[in-house]
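The values are calculated or read from the model by the stated rules, or taken from the named source; none is laboratory data. None of the values given here were measured: they were computed from a predicted structure. Cβ placement follows ideal geometry from the backbone for every residue including glycine, while neighbour counts extend to all protein chains displayed. These accessible areas exclude ligands, DNA and RNA; they are computed on the full protein's heavy atoms, side chains included. Shrake-Rupley method; radii C 1.70, N 1.55, O 1.52, S 1.80 Å.
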Amino acid sequence: MTEAYLNRIATAVPDHDVHAPFVDFADRLMAESPDPRLRSLFNRMSSRSGIEHRYSILYPHPDSSGLDNSEFWINAHEFFIRGDFPNTSKRMEIFERFAPILMRRAVDRLNVTPAERRSITHVLVTTCTGLYAPGLDFDIVDHLGLCPSVERTMIGFMGCYAAINGLKTARHIIRSEPSARVLMLNLELCTLHLQETHDLEQVLSFLLFADGCAASILSAEPTGLAMDSFRAVQIPETRDLITWKIRGLGFDMFLSGKVPIAIGKGLDGIGQDIVGPFTTDDITLWGVHPGGRTILDAVERGLALPPDALSASRSVLERYGNMSSATVMFVLDELMSRAQPGERGCAMSFGPGLTAETMLFHAA
């Protein structure tokens with residue numbers, strides 16, 4: 001059977017670092033909570049988030065006068081107006097306007113050669129933060145001048161583990177069509193969906209989520225990371241701990257504070273299933289989606305990993321925050337840059353279900 005490889009990855013984020021302004025905004029929301037203890041809890045969690053920078057298409061400062069290239073950003077203070085947060089229609093208008101800009105930034109960094117453009121047979125897109133049609137798949141075809149008959153697949157609304165499903169889909173394509181060359185895009189504008197609320201679990205999203213994009217080339221050419229096997233594992237009795245629903249004021253994320261405990265307990269029982277014929281000691285490249293510092297801590301405990309095993313994930317979390325489906329690709333990009341031939345790895349993302357989507361791989 002043909003082996004499928006993740007050949008290379010390019011990543012991109014918007015220009016504006018919004019971490020500090022978003023935390024300040026969330027702190028003001030919690031200051032209005034009828035329970036003052038919640039603000040103290042928020043500030044304590046903020047100081048321990050493990051995040052230093054996050055990026056957004058939203059410009060975080062109130063004075064936007066004199067800025068050039070306004071087509072590349074929108075004033076956050078005109079978008080998120082206290083007492084008048086935008087409805088879903090407005091948020092989707094902004095997604096449709098800005099997602100192609102970020103897509104082009106990532107795809108251009110992928111440096112797709114003219115020969116590769118002629119050989120691309122499939123385009124895969126994962127996103128859970130915006131919808132329009134014709135969509136990003138058509139935008140990619142147009143931007144690169146791909147053959148109009150290229151096969152397009154949209155993987156939508158799966159949340160943070162969608163990129164693993166995209167990799168899995170690419171592997172199936174390549175194994176059935178050895179000459180196939182797949183371009184995958186993972187793009188999320190998570191900051192479009194912040195909510196005006198005093199609910200602590202929702203406000204905590206102001207600490208985590210960010211915008212980002214990854215573009216990848218996958219084929220049967222033996223370079224990069226060989227995708228060996230995939231496994232999806234549902235953690236029992238956790239169906240309601242992560243939800244993502246479309247409502248009148250945007251996409252409404254619920255991320256329970258019980259998620260890290262559930263992941264830690266779940267992995268303690270299914271860790272061997274995930275690594276298959278290997279042991280955790282055989283895995284030296286851990287590409288875990290950094291959904292948050294406490295989630296990474298839970299994975300480390302649940303799989304009994306050494307303290308530095310998740311260094312790539314912690315680095316991405318610190319520098320970019322949680323970009324939903326794009327994030328694990330940022331981690332894999334970092335791992336790919338330092339991997340030695342033959343090193344074995346495990347990629348893992350968590351999302352609604354509560355489900356762990358995993359991939360075993362090795363460096364070519």
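Listing for the model above:
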| read-out | value |
| --- | --- |
| Selection within region 213-239 - within 22 Å of the chain's Cα centre (by Cα) and at positive phi | G224 |
| Qualifying helices (runs of 4 or more DSSP H) (wholly inside region 112-220; at least 3 residues being modelled with pLDDT of 95 or more) | 114-119, 136-144, 162-176 |
| The lone exception for P62 - which of (1) part of a loop (DSSP other than H, G, I, E, B); (2) open to solvent by less than 40 Å² (accessible area, probe 1.4 Å) it fails | (2) |
| Single unsatisfied condition, D240 versus (1) within 20 Å of M323 (Cβ to Cβ); (2) modelled with pLDDT under 95 | (1) |
| Neighbours by Cβ (under 6 Å, 6+ apart or cross-chain): first from region 1-27, closer than 26 Å to R175 by Cβ and open to solvent by 30 Å² or more (accessible area, probe 1.4 Å); second part of a helix (DSSP H, G or I) and of a type in the set (K, R) | M1/R175; T2/R175 |
| Identity of the residue in region 271-295, aliphatic (A, V, I, L, M) and at pLDDT 95 or above, that ends up surrounded by the fewest Cβ atoms within 10 Å (Cβ to Cβ) | I283 |
| Where a residue in region 302-331 is modelled with pLDDT of 95 or more and open to solvent by 10 Å² or more (accessible area, probe 1.4 Å) and its partner, wherever it lies, is acidic (D, E) and part of a helix (DSSP H, G or I), with Cβ under 7 Å and at least six apart | A309/E300; S315/E334 |
| Subset tally (residues that are surrounded by 18 or more Cβ atoms within 10 Å (Cβ to Cβ), under 18 Å from the mean Cα position of the chain (by Cα) and of a type outside the set (A, V, I, L, M, F, W, C)) for region 247-270 | 1 |
| Any pair with Cβ under 9 angstrom, 6 or more apart, that starts in region 78-95 at a residue that is within 17 Å of R247 (Cβ to Cβ) and assigned to a helix (DSSP H, G or I) and ends at one that is of a type in the set (A, V, I, L, M) and open to solvent by 20 Å² or more (accessible area, probe 1.4 Å) | T88/I246; T88/L249; R91/L249; M92/L131; I94/I74; F95/L131 |
